[in-house]
Amino acid sequence: MLVDIALDAVGTDKAPEAEIRGAILACKSLPVRVHLIGPEAELRDLLDEHLDNEDLPIVIHHASERIGMEEKAAHAVRTKKDSSMRVGLKLVREGRAAGFVTAGNTGAAMATAKMVLGALPGVDRPALATPMPSSTGNPCVLLDVGANVDCKAHNLEQFAVMGEMYARSVLKIEHPRVGLLSIGEEESKGNDLTREAFPLLKALPIRFIGNVEGRDIFSGQADVIVCDGFVGNVALKTSEGVGRFVRDVLRESLTRTVTAKVGALLSRQAFNDFRRRLDYREYGGAQLLGVRGVCIIGHGSSNDRAIYNGIRVAYEFANAGTNKLIEAEFAGHPTKTTANGQAPKHDATIQ
């Protein structure tokens, strides 16, 4: 049985070429039906050109508007009522798609998802969670990585619950270790936000290991690391930059020093493995946790491989039923910010 995934076909910097190629890759290797959202005539012509008479489960839904990367999210969400994001997320809300994937404007995607899908009960602000590579070979979930620039302590408390549930249901980690990103391991270290959040996370029915530092994102010491969206986005972008730098230096060094054919082959294989472990395109994008539906947000520079992996992650996330598990978790173990487990309501920060 095919799982329906809606794909924003005009999100990437090189849309819709990357989206169509990624959709074709996904339909060839996954049990999915991809719904391409965008200008129908343009998508139809390009899809026919790439399919070459192949019969794949790809359908097109017309959307007359797109939200650009440079547009102010709040204004675009209010004024562009037929955007590819809104049309795709409506398919999820109506039950016609199990998940939505976009590599478009992050702030607009987050705001549109919250507006169209709504937040899960007990969730004040949705958070973007992304798996990060570690030295152990198992990914570490980092959240929030950009949805909420300014946070309160109760937001981090909710992020911890959602991240822990994601690690259990999607990554299949039985007892995830949850850490709070700070500038030192001691409870007293950090800023006002981390010091206020520490006792809240400590009181949760999770395996909280206390403060962790930036280097622990890659050490494998924690399975889930919680922070506000400003810190998380800086950590994510810095990691990507360091990864590219190390990759380029390593490639240059191997090219200059390896001469024997066998040595060159072995080094190239090791280098390709190293590159895959650091390549964001292999992780498929960040999951927007805390909304009533599956929403995956990728990089604007995503290529066809990244789009394929975004569809794969949406498929896996939908199959795991993570949203229902998160909702049940909040119902069974409400956070301590108010008597009924509902945190005070604040408007999400839109980038």
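The values are calculated or read from the model by the stated rules, or taken from the named source; none is laboratory data. Please read these numbers as outputs of a predicted model, since none were measured by experiment. Quick reminder, even Gly has a Cβ in these numbers, built from the backbone with ideal geometry, and neighbours come from all protein chains shown.
Couple of notes before you dig in:
- Tallying residues that are out of contact with any Pro (no Cβ under 6 Å at 6 or more places or on another chain) and either surrounded by fewer than 15 Cβ atoms within 10 Å (Cβ to Cβ) or acidic (D, E) (or both) within segment 151-188 yields 10.
- Which listed residue, of I20, I5, I67, is outside the structural domain of N233 (by TED's automatic domain parsing), at negative phi and within 18 Å of the chain's Cα centre (by Cα): I5
- Filtered residues of segment 126-144 (kept if buried (at least 24 other Cβ atoms within 10 Å of the Cβ) and out of contact with any Phe, Trp or Tyr (no Cβ under 8 Å at 6 or more places or on another chain)): P126, L128, L142
- Tally, over segment 189-205, of residues that are in contact (Cβ under 8 Å) with a residue 40 or more places away in the chain and surrounded by 22 or more Cβ atoms within 10 Å (Cβ to Cβ): 2
- The residue that is surrounded by the fewest Cβ atoms within 10 Å (Cβ to Cβ), counting only those in segment 1-28 that are of a type in the set (A, V, I, L, M), touching a His at 6+ places or on another chain (Cβ under 8 Å) and within 16 Å of F100 (Cβ to Cβ), is I5.
- Considered as a group, the residues in segment 317-328 that are buried (at least 20 other Cβ atoms within 10 Å of the Cβ) and not small (G, A, S) include one that is farthest from D8 (Cα to Cα), and that residue is I326.
- Looking across segment 72-117, the residues that are within 20 Å of C151 (Cβ to Cβ) and not aliphatic (A, V, I, L, M) come down to T106, G107, K114.
- Qualifying residue in segment 101-113 (condition: of a type in the set (S, T, N, Q), under 17 Å from the mean Cα position of the chain (by Cα), assigned to a helix (DSSP H, G or I) and not assigned by TED's automatic domain parsing to the domain that holds A6): no
- Taken over segment 15-63, the residue count meeting the criterion of being under 23 Å from R86 (Cβ atoms) and part of a helix (DSSP H, G or I) is 14.
- Single condition P31 does not satisfy, out of (1) more than 20 Å from the chain's Cα centre (by Cα); (2) in contact (Cβ under 8 Å) with a residue 60 or more places away in the chain; (3) surrounded by 22 or more Cβ atoms within 10 Å (Cβ to Cβ): (3)
- Test: residue in segment 248-266 that is within 25 Å of S182 (Cα to Cα), touching a Phe, Trp or Tyr at 6+ places or on another chain (Cβ under 8 Å) and at pLDDT 60 or above: no
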